[in-house]
1. Specify the angular offset, from 0 to 90 degrees and rounded to the nearest 10, of the alpha carbon long axis of helix 210-225 from the longest principal axis of the alpha carbons in the chain.
2. Along Cα→Cβ, 7 Å out, is where each label goes; now give me the distance between the ones at Lys133 and Phe95 in nm to one decimal.
3. For region 96-229, rounded, prolate or oblate, judged on the Cα gyration tensor with a ≥ b ≥ c (square roots of eigenvalues), a/c < 1.5 rounded, else prolate if a/b > b/c?
4. Using a basic spin-label model with each label point 7 Å from the Cα along Cα→Cβ, how many nm lie between Tyr103 and Asn24?
5. Taking region 47-91, which trypsin sites (Lys or Arg not before Pro) meet the DSSP loop condition and have no more than 16 other C-beta atoms within 10 Å?
6. Helix 145-161 against the longest principal axis of the chain: what's the angle in degrees, Cα atoms only, rounded to the nearest 10?
7. Could you point to the residue in Ala214, Phe203, Val167 farthest towards the positive end of the chain's charge dipole, with +1 and -1 charges on the Cβ of Lys/Arg and Asp/Glu respectively?
8. Identify the trypsin sites (Lys or Arg not before Pro) of region 135-221 meeting these criteria: DSSP loop state and at most 12 other C-beta atoms within 10 Å of the C-beta.
Amino acid sequence: MKLILTCEHAGNNIPDTYKKYFNNEAVLKTHRGYDLGALDIFQYLQPLADASYFSETSRLLVELNRSLFNKQLFSEFSNSLSKNEQSEILNTYYFPYRTEIEYKIAAYIKSKQQVLHLSIHSFTPNLNGNERKADIGLLYDSRRKKEQEFCKQFKAELLKQDPNLNVRFNYPYLGKADGFTTFLRKQFSTNYLGIEIEVNQKFVVNNSTNIHHALFNTITILKSLNHHF
């Protein structure tokens, strides 16, 4: 089994060419600009991966975790750009990132390998005044039984590492909603598991590394158990 680790919202960088469109720099430092703490977790887990990819371009320039048809592909800052400028953004930042990962998965599967893809994200503890009641969310497609079974194993092992964690399935988002893993499931109907790991950003505020250790140990154990799925 090959482990691919990705982090689509690792940073809040805006290339110089487009900075003039982002007059509200403060928003780039919020959860809207990037997934706070996700890069730290990704880098901590990176030694476990057979291949790893991350992007530090802000999701407010282009949303790497959305399909081309999604209205959230471009934000209110980049949505007003000309079609030529948007095409340039897609060709420079969107397609290279997603295509490289897709090709790597295809190469592994072609060589008779099975692929576990863990996409690392974080979520804001409060959204529009509503408290998110979870520490970690495991997002998967409930129609894919192997993904469901893997996430059950993941939760059970994670709670062995830290019984106090509140781990929820398909929360705060649904795993079958539009996203990169959803796209990849359509490309690879077999030998591919696409799981999004969502970590509450309160751990970033509290500078807690316990969550890093728990995830690292859990993935290490599950890799040894799931040579074939």
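All of the numbers you see were taken from the coordinates with simple rules; none came from a lab. What you see is a predicted model; the values in this text were computed from it and never measured. Ideal geometry is used to build each Cβ from the backbone, glycine not excepted, and the neighbour counts take in all protein chains shown.
1. Rounded to the nearest ten degrees, it is 60.
2. Label at Lys133, label at Phe95, 4.6 nm between them.
3. Values: a/c = 1.91, a/b = 1.46, b/c = 1.30.
The shape class here is prolate.
4. 3.7
5. Lys71
6. The angle comes out near 80 degrees.
7. The residue sitting farthest along the positive end of the dipole is Val167.
8. On the way: sites: Arg143, Arg144, Lys145, Lys146, Lys152, Lys155, Lys160, Arg168, Lys176, Arg185, Lys186, Lys202; in loops: Arg143, Arg144, Lys176.
Counting only loop positions with at most 12 other Cβ atoms within 10 Å, the trypsin sites (Lys or Arg not before Pro) in region 135-221 are Arg143.
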